[in-house]
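Readers should treat all values here as calculations from the given coordinates under stated rules, not as data from a laboratory. What you see is a predicted model; the values in this text were computed from it and never measured. Don't worry about glycine lacking a Cβ; one is built from the backbone with ideal geometry, like all the others, and counts go over all protein chains shown.
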Amino acid sequence: MASAFLRAKVDERAALTDVVAGILDKCSTEQRDPSTEERAKLDEYNNRIKLLDGSITELRTQEEANSRFLTTVSRLEDADERAEQRATTRQPAAQVTTRASAGEAFIQSENFKAYRGYGTMQPVEFEDFLGIEQRAAIASAISLDDLHLPPVRWDGPPGPFQRTPFLSIIGREVVSGNAVSYVTWSPATGAAVVAETDTKPEATLTPTETPINLQTYAFWKAISRQALEDYPRIRSIVETKLRTGLAQTLETAAVGTLSGVSAPVIGDTPGVEGIRTAIGNLQNAGYTPNAIVANPADAAGLDIAVMSGTLLGPQGPGNYWGLPVVPVPGVAAGTVYVGDFSNGVTWFDRAAASVYMSDSHADYFIRNLFVILAEQRSAFALTEPLAIEAVPMVAPVAAAAK
């Protein structure tokens, strides 16, 4: 199924490449630039090709990981089978013993067989027909140890559900290599009213290219083979924990880009007033803010301030002037960030998180240990610093004294 899906992706990518090449060849033959309609189609096809490249890379990585895992399992099964065959030829067959169930152990006990109400016993004679016969209760001949009841295993209380709210509001670009160069542009200025016969002015538009390299975020955990055999669920538990920890690390790295945002300059209007001022500043600069990012404690302080100054209080919508408040634990308390985060911060991602399992580490094979490894290649950059403004929660002393 996965191979057929991958084949379909590859075929679609090849077809789009042929279409793009055909448009460019036509323009080259006619010695002209692509028309507006052709440019729109080229942009659409190129964007689709970029998405297909990311999907193809992720599918190939998953298929390779599955192939390596199946090969390891096959080798282990072959080794176990050969070991079992050698043990059978060298040693006489051991007598198979079957543990009696609780019911079987009870009916085989001497107490049950000696009980007078047992169906195969001879009739009982009463000395006095009208008298009362007293019979001893059946003594318990079975202990809990004889029942061999399996232990009940509890994995403990579940940990808190870890979210990555900041990763969900920033921009994300899937890349196909380790090295990335992103370009930021200055605003285009210089447009003016020009008479028909006069020379038109040149626009002032400066690109700035910044190269970065993706970083590999990874960690692993070893599990014994017996643990995997006796408790298969342990693999999914460890894998889930590793993926969660990896996502938390990426969230922390993404939040770290906010250190490049200029220090709060709205000293006279902190808190809710400063947030509204920052929204106006960003809109005046041509940006469209999409969120307010704050430490959870600061987000609570903002809600309390609104509750004390309005009628609706916490029953109102969970946003300010149309912008949702996103509590992010990694953001330092004392500063709130308002901005267009989809353009201000970009997550360059090579592929989705990958999880591998193998015994090919050091002497793990002869120690019956498996390694579960989780990794992801990503990089984070403040691609548009002017799209984000920092707002202090409390006004500086100097500003408050004015």
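Summary of computed values
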read-out	value
FRET efficiency, 1/(1 + (r/R0)^6) with R0 45 Å, evaluated for ASN281 and PHE5 via beta carbons	0.45
Unit charges at the beta carbon, dipole of the range 1-56: most positive-side option, LEU16, CYS27, PHE5	PHE5
Contour excess over end-to-end distance, with Cα ends at ILE107 and ALA297 and 0.36 nm allotted per residue	61.7 nm
Nearest-0.05 FRET efficiency for ASP363 and ARG48, computed from C-beta distance (R0 45 Å)	0.40
Protection proxy ranking of 183-194, 274-285 - average other beta-carbon atoms within 10 Å, highest first	274-285, 183-194
Computed lengthening from ALA15 to THR57, 0.36 nm per intervening residue step minus Cα-Cα distance	13.4 nm
Euclidean distance between Cα centres, the range 1-45 to the range 161-233, Å	24
³J(HN,Hα), Karplus 6.51/-1.76/1.60, whole Hz, each residue of the range 15-31, x for Gly, Pro	5, 5, 4, 5, 5, 4, 4, x, 5, 5, 5, 5, 5, 5, 5, 7, 6
Inter-site label distance for SER262 and ALA179 at 7 Å from Cα along Cβ, in nm	3.3
Gained length - ALA83 relative to THR249, 0.36 nm times residue gap less alpha-carbon distance	55.4 nm
Local electrostatic count, ALA192, Cβ distance below 14 Å [Lys/Arg +1, Asp/Glu -1]	-2
Per-residue ³J(HN,Hα) for the range 244-258, Karplus 6.51 cos²θ - 1.76 cosθ + 1.60, θ = phi - 60°, Hz, x for Gly and Pro	5, x, 5, 5, 5, 5, 5, 4, 5, 5, 5, 5, x, 5, 5
Over the range 172-229, relative contact order from alpha-carbon pairs under 8 Å, at least 6 apart, %	39
The range 1-56, Cα convex hull volume normalised per residue, Å³	59
Mean Cβ neighbour count within 10 Å, used as a protection proxy, ranking 32-41, 294-303, 223-232 highest first	294-303, 223-232, 32-41
Point-to-point label distance, THR71-ASP33, nm (Cα→Cβ direction, 7 Å offset)	5.1
Calculated FRET efficiency for the pair THR199/ARG163, C-beta based, R₀ 45 Å, to 0.05	0.20
Neighbour-count order for ILE366, ILE169, ILE388, ILE49, fewest beta carbons within 10 angstrom listed first	ILE366, ILE49, ILE169, ILE388
